[in-house]
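Trainee: This is the structure I want to talk about, given as structure tokens.
The values are calculated or read from the model by the stated rules, or taken from the named source; none is laboratory data. Nothing here was measured: the structure is a model prediction, and the numbers come from that model. Every residue, glycine as well, gets a Cβ built from its backbone with ideal geometry; the counts of neighbours run over all protein chains shown.
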Amino acid sequence: MLDIIECVPNFSEGRDLQVINQIAAAIQAVEGVKLLSVEPGAATNRTVMTFIGNKEAVIAAAYAGIAKAAELIDMRKHHGEHPRIGATDVCPLVPVRGVGEEECIALSHALARRVGEELAIPVYLYEKSAQKPERKNLADIRAGEYEGLEAKLKDPAWQPDYGPATFNPKAGATVIGVRDFLIAYNVNLNTRDRKIANEIALTIREKGRARRDENGAIIRDAHGEPIYEPGIFKATRAVGWYIDEYKMAQVSINLTNYKITPPHEVFEEICRLVTEHGLRVTGSEIVGLVPLEAMLMAGRHYLQRQGKSTGVPEKELVRVAIQSLGLNEIAPFDPAKKIVEYQIQEFDKPLVDMSVHDFVDELSTDSPAPGGGSVAALCGALAAALTAMVANLTHGKKGYERYYQRMDSIARDAQDLKDQLLRAIDRDTAAFNAVMACYRLPKKTPEELAYRTEALQKATYQATIVPLEVMRLVNKILDLTEAVAKHGNVNSISDAGVAALTAEAAMKGAYLNVLINLRSLKGEVAATEIKQEAERISSMLTRQVRRILRLIDRKIAQL
């Protein structure tokens, strides 16, 4: 799988489509990147573009976009609702896969240096790339905006990290840095009153609002700085504004860590707060991309509130999240285009995205991969899916009330195991292909032979571990299958039996793959430990399957 970085440059043009399209074309012209979204805003006069690709391509494309923006955008003529400091206001890099944070920071420095030297644009580094604590926060760098930039550059404390410390009146300045995944999330209100939206923003954002005395004057500390009363949510920045093209006010939010504060919690709190003003929330929008996990968290939250099982497929959780958050109000929310993991799949072209017909056809050719290991993982996924099905057919069923909570937990766990095993289908094939690639390495010199031998051992070890992990996952599945066989909906008891048998096929198939790869794995201790674990799991699960089937036979006989 390729290394992947996400880049989300914000350009100070949201009205002239000719300019926007030329910047997008400059980015797309770089081989190895995929432009995921272009989201212009007329009122903000700002366009957010999102693209992904391998590290070299992303840095080249980011530079191309910044250069084209500097050529086409004149900041002396720019006006809009959104704070900004330059033609390319900010250009964040987000490591997604295969690239460490430190490496990504080094890449941000390289990009900043090139922009500064070749385009004569002052560049500030922010977030994880910041070289000074006071430059970590984008809002602090942006303070004074473009209009105050000329004076700011004369301040020794605000010399740029790269580029000239002279004012570039046409392009302004640019902020570059590495950050965690940020969700740009706006909540829509049934009012045009920007003041109310901003009041809500001050209440929810982490920074909160300035404290005031009984006369309404801001309370300041010994240094003259305002003292703030913290808001409701951590890792949350927010502002209220009015968007003329939508004819509504919005609470515009940046969620800097959705694991601390997910979108659905903010949405629910704003729904509560606006009622105090006689208003209601009409929907919300996500600008750019959103991590899949944030959508799944929302889907589970709303299913729980409905008293429904949360152990449903990923696709259903996403649908519930979209509907509950009103993400289709302003523009259609297409999961394939808006969820980052779904966009990345194009780089991988996974087997699991094939139709059943195409997968079976591919399996039947003379290519050795996909093979038995991938089929074993697929069998495990089917066993997990059947187990989840029985749990879901029990949850909410009259007569099984005492097991509702347990069945909800089983269904969720089974769905998670199903997804892990679906990923293992491609992991097994990738591991096999890695071994084959090692056999093609040169071995003419002692150095080449040593490198080839070491690489082959690492690849073989991985090819052995993948089916072993499939066995471990099947071990967990059968515990869930046994529970639904004991306490689940008796009308689906045969499905629990098929789940057990399919799980057994997955386990035995994976076991055979472990054994055949162990033949080529050197290192007696590692090979012995792997073999012992595989034998233990195989023996234990064989007995468990027999036990489950006996239980099912007895229940069927009693029907």
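Trainee: State which residue pairs qualify: first residue without any contact (Cβ under 8 Å) to a residue 24 or more places away in the chain and inside the range 153-172, second residue assigned to a loop (DSSP other than H, G, I, E, B) in any location, beta carbons under 7 Å apart, and separation of 6 or more residues or different chains.
Mentor: Here the result reads Gln159/Ala165, each pair linking the range 153-172 to a residue that is assigned to a loop (DSSP other than H, G, I, E, B).
Trainee: Can you tell me which residue within the range 189-237, out of those that are modelled with pLDDT under 95 and among the hydrophobic types (A, V, I, L, M, F, W, C), is nearest to Phe267 (Cα to Cα)?
Mentor: Top of the filtered list is Ala235.
Trainee: In the range 322-367, which helices (runs of 4 or more DSSP H) lie fully inside it and hold 2 or more residues that are in contact (Cβ under 8 Å) with a residue 24 or more places away in the chain and closer than 25 Å to Gly299 by Cβ? Full working, then the answer.
Mentor: Numbers: elements: 335-338, 340-348, 356-363.
Answer list for the range 322-367: 335-338, 340-348.
Trainee: Within the range 273-287, track down each residue that is in a strand (DSSP E or B), of a type in the set (Gly, Ala, Ser) and surrounded by fewer than 21 Cβ atoms within 10 Å (Cβ to Cβ).
Mentor: Once the filter is applied, which keeps residues that are in a strand (DSSP E or B), of a type in the set (Gly, Ala, Ser) and surrounded by fewer than 21 Cβ atoms within 10 Å (Cβ to Cβ), the range 273-287 yields only Gly283.
Trainee: What number of residues within the range 191-223 are of a type in the set (Gly, Ala, Ser) and over 33 Å from the mean Cα position of the chain (by Cα)? Quick ask: steps written out before the conclusion?
Mentor: To start, the set of residues in the range 191-223 that are of a type in the set (Gly, Ala, Ser) comprises 197, 201, 208, 210, 216-217, 222.
Then drop every residue that is not over 33 Å from the mean Cα position of the chain (by Cα), which leaves 210, 216-217, 222.
Total satisfying the criteria: 4.
Trainee: Can you name every residue in the range 288-309 that is surrounded by fewer than 22 Cβ atoms within 10 Å (Cβ to Cβ), touching a residue at least 40 places away in the same chain (Cβ under 8 Å) and more than 20 Å from the chain's Cα centre (by Cα)?
Mentor: Correct list: Gly307, Lys308.
Trainee: Hey, another quick one. Only residues that are within 27 Å of the chain's Cα centre (by Cα), more than 26 Å from Pro467 (Cβ to Cβ) and crowded, with 19+ Cβ neighbours inside 10 Å: list them for the range 399-410, please. Let's see the steps before the verdict.
Mentor: Filtering the range 399-410 down to residues within 27 Å of the chain's Cα centre (by Cα) leaves 408-410.
Filter again for more than 26 Å from Pro467 (Cβ to Cβ), leaving 408-409.
Listed by number, the list holds a single entry, Asp408.
Trainee: With the condition kept exactly as written, say whether any residue in the range 510-518 is assigned to a helix (DSSP H, G or I), within 13 Å of Pro467 (Cβ to Cβ), of a type in the set (Val, Ile, Thr) and touching a Lys or Arg at 6+ places or on another chain (Cβ under 9 Å).
Mentor: To start, the set of residues in the range 510-518 that are assigned to a helix (DSSP H, G or I) comprises 510-518.
From what's left, within 13 Å of Pro467 (Cβ to Cβ): 510-518.
Applying the additional criterion that residues be of a type in the set (Val, Ile, Thr) yields 514, 516.
Right, trim to touching a Lys or Arg at 6+ places or on another chain (Cβ under 9 Å) and you get 514.
Within the range 510-518 (the criterion being assigned to a helix (DSSP H, G or I), within 13 Å of Pro467 (Cβ to Cβ), of a type in the set (Val, Ile, Thr) and touching a Lys or Arg at 6+ places or on another chain (Cβ under 9 Å)), the answer is yes, since at least one residue qualifies.
Trainee: Tell me whether the range 14-29 contains one or more residues that are under 28 Å from Val251 (Cβ atoms), at pLDDT 95 or above and outside the structural domain of Lys247 (by TED's automatic domain parsing). Spell out the reasoning first.
Mentor: Step one: filter the range 14-29 for residues under 28 Å from Val251 (Cβ atoms), giving 14-17, 20.
When the remaining residues are screened for being at pLDDT 95 or above, the result is 20.
Restricting the remaining residues to those that are outside the structural domain of Lys247 (by TED's automatic domain parsing) gives 20.
Looking for residues that are under 28 Å from Val251 (Cβ atoms), at pLDDT 95 or above and outside the structural domain of Lys247 (by TED's automatic domain parsing), one finds at least one in the range 14-29, hence yes.
Trainee: When you look at Ala437, is it at pLDDT below 90, small (Gly, Ala, Ser) and surrounded by fewer than 16 Cβ atoms within 10 Å (Cβ to Cβ), yes or no?
Mentor: Numbers: at pLDDT below 90: yes; small (Gly, Ala, Ser): yes; surrounded by fewer than 16 Cβ atoms within 10 Å (Cβ to Cβ): yes.
Yes: the conditions hold for Ala437.
Trainee: Could you pull out the residue among Ile59, Ile5, Ile73, Ile66 that is buried (at least 20 other Cβ atoms within 10 Å of the Cβ) and farther than 24 Å from Asn137 by Cα?
Mentor: Ile73
Trainee: Can you pull out the residues in the range 417-452 that are more than 24 Å from the chain's Cα centre (by Cα) and among the basic types (Lys, Arg)?
Mentor: Result: Arg440, Lys443, Lys444, Arg452.
Trainee: Another question, if that's okay. Could you tell me how many of the residues in the range 124-166 are of a type outside the set (A, V, I, L, M, F, W, C), assigned to a helix (DSSP H, G or I) and more than 31 Å from the chain's Cα centre (by Cα)?
Mentor: Let us first name the residues in the range 124-166 that are of a type outside the set (A, V, I, L, M, F, W, C), namely 124, 126-129, 131-137, 140, 142, 144-148, 150, 152, 154-156, 159-164, 166.
Those still in the list that are assigned to a helix (DSSP H, G or I) too: 133-135, 140, 142, 146-148, 150, 152, 154, 156.
Adding the requirement that they be more than 31 Å from the chain's Cα centre (by Cα) leaves 146-148, 150, 152, 154, 156.
Going through the range 124-166 one residue at a time, the tally reaches 7.
Trainee: Identify the residue in the range 254-272 that is buried (at least 21 other Cβ atoms within 10 Å of the Cβ) and more than 18 Å from the chain's Cα centre (by Cα) and, among all such residues, is farthest from Ala210 (Cα to Cα).
Mentor: Phe267
Trainee: Specify which of the listed residues (Val94, Val115) is crowded, with 20+ Cβ neighbours inside 10 Å, of a type outside the set (Phe, Trp, Tyr) and over 22 Å from Thr236 (Cα atoms).
Mentor: On the way: Val94 fails: over 22 Å from Thr236 (Cα atoms).
That would be Val115, the only listed residue that is crowded, with 20+ Cβ neighbours inside 10 Å, of a type outside the set (Phe, Trp, Tyr) and over 22 Å from Thr236 (Cα atoms).
Trainee: Please go through the range 246-263 and pick out each residue that is within 15 Å of Leu292 (Cα to Cα) and among the charged types (D, E, K, R).
Mentor: Selection gives Lys259 alone.
Trainee: Looking at this structure, is Arg423 part of a helix (DSSP H, G or I), touching a Cys at 6+ places or on another chain (Cβ under 8 Å) and of a type in the set (D, E, K, R)?
Mentor: Numbers: part of a helix (DSSP H, G or I): yes; touching a Cys at 6+ places or on another chain (Cβ under 8 Å): no; of a type in the set (D, E, K, R): yes.
Against the criterion (part of a helix (DSSP H, G or I), touching a Cys at 6+ places or on another chain (Cβ under 8 Å) and of a type in the set (D, E, K, R)), Arg423 does not qualify.
Trainee: State all residues of the range 35-56 that are crowded, with 23+ Cβ neighbours inside 10 Å and charged (D, E, K, R); if no residue qualifies, say none.
Mentor: Arg46, the sole residue that qualifies.
Trainee: I would also like to ask the following. Would you say Ile477 is under 30 Å from Leu559 (Cα atoms) and either modelled with pLDDT of 95 or more or part of a helix (DSSP H, G or I) (or both)? Quick ask: steps written out before the conclusion?
Mentor: Working: under 30 Å from Leu559 (Cα atoms): yes; either modelled with pLDDT of 95 or more or part of a helix (DSSP H, G or I) (or both): yes.
It is true that Ile477 is under 30 Å from Leu559 (Cα atoms) and either modelled with pLDDT of 95 or more or part of a helix (DSSP H, G or I) (or both).
Trainee: I would also like to ask the following. Just a yes or no: is a residue in the range 16-29 under 24 Å from the mean Cα position of the chain (by Cα) and touching a residue at least 60 places away in the same chain (Cβ under 8 Å)?
Mentor: We begin by selecting, within the range 16-29, every residue under 24 Å from the mean Cα position of the chain (by Cα); these are 24, 27-28.
Those still in the list that are touching a residue at least 60 places away in the same chain (Cβ under 8 Å) too: none.
Checked against the condition, which is being under 24 Å from the mean Cα position of the chain (by Cα) and touching a residue at least 60 places away in the same chain (Cβ under 8 Å), the range 16-29 yields no hits at all.
Trainee: Can you work out which of the residues in the range 339-372 that are over 24 Å from Val290 (Cα atoms) and among the β-branched types (Val, Ile, Thr) is modelled with the lowest pLDDT?
Mentor: Here the answer is Thr365.
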